[in-house]
Amino acid sequence: MQLRKVTAASAAVLALALTATACGSDNKDSGSNGSGGGKKITIGIKIDQPGIGLKTPDGKYTGFDVDVATYVAKELGYDAKDIVFKETKSADRETAIERGDVKFIAASYSINDERQQKVDFAGPYLLAHQDILVRADDNSFKSPEDLNNKKLCSVAGSTSAQNVHDKLAPKADLQEFGGYSECLTGLENKVVDALTTDDSILAGFASQQQFQGKFKLAGFKMSNENYGIGLKKGDADLKKKINDALTKMVSDGSWDKAVKDNFGPANYKNEPAPKIGNIVK
């Protein structure tokens, strides 16, 4: 009889201990109060864009957007170890925010009217432009019109090459490849003459060690792409905190360092850091 009492008491103590342990190991996002408190924060990024957002073979994350996101998270009260980076493909960004899968997204996410109907944006934190990448020894491109009768590469599903064809170079020979790396290989081997997308993305790819010195940006500035940090619509408190963090990142020199670290090898002529709320049309 005494043995049963001891066993029951031990079981009760064990149940309490397990309950306390479960409560203490809750790693969910800490909510909208912006304070880490030892919990995790999930941030959406790209993982296949060198210089912007890339997951390396050893499981690390690099790129300008990663540096921006890490800086912002620190200002919100999270250490680097508290950040969970989550891949968010372009077509899934609004859904990921609306569902609460991520706290915010920094993923070459251009601010536009259509997206602002669904999510809010902090920033912008980078002004990019659509441009073309060509071989370093090719001096034949003086203007976008020079793309006429040239083979222009872009990735499947992208509208960049089509925009150039429709508005600037109607005789461009559009070549659609599966990914940017394939376009770069085609450019290197003279299968195509140029690659088009945002200049920041082009600079990131051209900065990879295996491509350094082989390509150059034309500097055409065919569009304005204001990269912003996407967050749940109506969360004014979080938006203000992120904007404050971005302002601080610029003022303390961390923004310039991140640009140099991620785009420097491509001689990327970046625009100065944009002012918060200044959307360049």
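Determine which aspartates and glutamates satisfy two conditions relative to K239: a Cα distance under 14 Å, and not lying fewer than 8 residues away in the same chain.
Of all the aspartates and glutamates, those that pass the test against K239 - Cα under 14 Å, at least 8 places apart if same chain - are E75, D120.
Report the accessible area of K239, computed with a 1.4 Å probe over the heavy atoms of all protein chains in place, in Å² rounded to the nearest 10.
Taking all protein chains as shown, K239 has close to 70 Å².
By accessible area of protein heavy atoms, probe 1.4 Å, what ranking do S140, S110 get, highest first?
Ranked from most to least accessible, the order is S140, S110.
Probe of 1.4 angstrom, ligands and nucleic acids ignored: what's the accessible area per residue over the chain, in square angstrom?
Value returned for the chain: 51 Å² of accessible area per residue.
Using a 1.4 Å probe and counting only protein heavy atoms, arrange D137, D120, D256 so the residue with the most accessible area comes first.
Result, largest first: D137, D256, D120.
Using only protein heavy atoms and a 1.4 Å probe, report how much of E114 is accessible, in Å² to the nearest 10.
140
Round to a whole number: what % of the accessible area of the chain belongs to carbon and sulfur, probe 1.4 Å?
Carbon and sulfur: 51 percent of the exposed surface of the chain.
Largest first, what is the accessible-area ranking of T185, T196 with a 1.4 Å probe?
T185, T196
I want the antiparallel fraction of DSSP beta bridges within the chain, as a percent rounded to 5.
Of the beta bridges lying entirely in the chain, close to 60 percent run antiparallel.
Amide H of K150 versus every other amide H placed in the peptide plane: which residues, excluding those fewer than 5 positions away on the same chain, fall under 5 Å?
D173
So how exposed is H165, as accessible area in Å² (1.4 Å probe, rounded to 10)?
It works out to around 50 Å².
The values are calculated or read from the model by the stated rules, or taken from the named source; none is laboratory data. Everything numeric in this text was worked out from a predicted model, so none of it was measured. The accessibility values were calculated without ligands, DNA or RNA, using every heavy atom of the protein model including side chains. Shrake-Rupley method; radii C 1.70, N 1.55, O 1.52, S 1.80 Å.
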